[in-house]
Amino acid sequence: MSTKLESAESFAKDKHRNQKYETKPYYTHLESVVDTLKNIGVNDEDVLCAAWLHDTIEDTDATFDDIEQRFGSKVAVMVLSLSRDSSLPKKEKEQWKPEKGFYVWSFFSYFL
């Protein structure tokens, strides 16, 4: 039986399976975020699940309801908090990109 965290990793890898982060498989970006959080002392399972899933709502066909059903409300709300508004025009979405990294780390640092 897999843990919730293993399920989040598997779900994220599946949803991002055909995507790249720069030239690498997308999951390497997600894995890096999770590893960094672990290295700075974050061990809350829900927070680490949200780290695996933080791009699924904005970059895949996964919905808030999918995340909530599989991983619970706390994880789903965290993931939604880290997601761009998909209704924004493309230009505005691109403007969010440089700020997102800072926002994501600020968000996760709250759980230290």
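Quick look at the numbers
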item	result
Ranked by how many other beta carbons lie within 10 Å on average, peptides 17-23, 34-40 from highest	34-40, 17-23
Proxy reagent accessibility, fewest Cβ within 10 Å first, across PHE107, PHE71	PHE107, PHE71
HN-Hα J in Hz across the stretch 58-64 - Karplus 6.51, -1.76, 1.60, θ = phi - 60°, x for Gly and Pro	7, 10, 9, 7, 5, 10, 3
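Computed from the coordinates by the stated procedures, all read-outs in this text should not be read as laboratory data. Everything quoted here is computed from the prediction, not taken from an experiment. Note that we place each Cβ from the backbone using ideal geometry, even for glycine, and neighbour counts take in every protein chain shown.
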